[in-house]
Amino acid sequence: MVVQLDVYPKRGPSQQLDIDKSELDRLIAEFKSEMLADTLVEHDINNNLNALSGTALQAMTILMLVFMFAFPKMIRKMSVGRVVILCSAVGIAGYIVNFFAGSSMAMLMVAFIVTGIASLPGAYLQAPMLMECSSYNEMLGLPRMDSTSAAVMNFMIKFMNALGAGLMGLLLQASGFIATKSGEVVTQPGSAMLMIRILYSIVPAAALFVVILAAKHFDGLGKKLKENGKQ
């Protein structure tokens with residue numbers, strides 16, 4: 001026999017779980033004994049949900065590791081610009097899934113994996129892209145400026161991270177987001193929830209679209225370097 005149990009946690013939305021009647025009887029008996037002894041502890045269902053979330057994250061991490069091992073082979077067969085374009089396009093699809101996922105754990109898992117692919121070029125291709133820029137300078141008869149290019153890149157990464165964090169705060173404030181103190185629980189308005197969804201889906205998808213446009217021009221640079229024997 002299977003029964004449905006409504007769960008109303010202190011934090012987060014209510015949930016409905018399907019469990020065996022024997023398991024429900026055990027939980028009720030445990031609750032009564034702890035209540036009489038005045039030693040109530042966190043409910044076992046909460047622990048089970050945490051264990052399930054941990055298992056899902058481990059599974060996603062394994063899938064990401066498999067793709068990371070296949071990533072170097074992709075780089076050898078494709079130009080740097082095309083790899084960036086491909087990974088960015090996959091990332092856009094993932095962020096679209098993220099927007100429509102809602103509370104679906106399965107869709108959120110898929111979005112997590114797919115959007116993670118978009119970050120791989122930034123982690124693995126920074127050095128090759130800087131080398132191509134330096135080789136282009138050399139092709140034009142200019143100093144390579146490897147160190148200068150790396151310094152500019154590091155500065156822009158930090159600057160854009162700071163700018164993004166500031167814009168996020170302003171957009172959340174404009175949407176009516178209610179700031180809370182530690183341990184305080186409030187109900188966020190619908191406008192704030194929509195803004196959070198947009199910030200974690202539409203905005204990064206738009207940023208990746210800009211990356212695709214830039215990568216198309218960078219791919220042309222790689223072709224010029226090959227024609228001039230600089231790569």
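Values quoted throughout were computed directly from the atomic coordinates according to the rules given, and no laboratory measurement underlies them. The shown structure was predicted, so the numbers you read here are calculated from the model rather than taken from an experiment. Here the Cβ positions follow ideal geometry from the backbone for every residue, glycine too, while neighbour counts run over all protein chains shown.
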(request) Answer rounded, prolate or oblate for the stretch 91-231, using the Cα gyration tensor with square roots of eigenvalues a ≥ b ≥ c: rounded when a/c is under 1.5, else prolate when a/b is larger than b/c, else oblate. (result) prolate
(request) Can you pull the one-decimal nm distance between simple spin-label points at Ile96 and Leu199, each 7 Å off the Cα toward Cβ? (result) 2.5
(message) Through the Karplus equation 6.51 cos²θ - 1.76 cosθ + 1.60, θ set to phi - 60°, convert the phi angles of the stretch 210-225 into ³J(HN,Hα) values in whole Hz; use x for Gly and Pro.
(response) 5, 4, 4, 4, 5, 5, 4, 5, 5, 5, x, 5, x, 5, 5, 5
(message) Using a 7 Å offset from the Cα along the Cα-to-Cβ direction at both Asp146 and His217, what is the distance between the two label points in nm, to one decimal?
(response) 2.6
(message) Given 10 °C and 1.306 mPa s, compute D for the stretch 95-178 with the Stokes-Einstein relation, Rh being the Kirkwood radius over Cα pairs; round to the nearest whole µm²/s.
(response) 98
(request) Return the FRET efficiency for the residue pair Ile157, Ile62: r is the Cβ-Cβ distance, R0 is 35 Å, and the value is rounded to the nearest 0.05. (result) 0.80
(request) Provide the per-residue ³J(HN,Hα) series for the stretch 93-106, in order, calculated from phi with Karplus coefficients 6.51, -1.76, 1.60 and θ = phi - 60°, each as a whole number of Hz, with x at glycine and proline positions. (result) 4, x, 5, 5, 4, 4, 5, 8, 5, x, 9, 6, 5, 5
(request) Please list the radius of gyration and Dmax for the stretch 70-116, considering alpha-carbon atoms only, with Å as the unit. (result) 12.8, 39
(message) If packing is taken as the average number of other Cβ atoms within 10 Å across a peptide's residues, how do 66-78, 111-123 rank, most packed first?
(response) 111-123, 66-78
(request) Sort the following peptides by mean Cβ neighbour count (other Cβ atoms within 10 Å, averaged over residues), highest first: 154-161, 210-217. (result) 210-217, 154-161
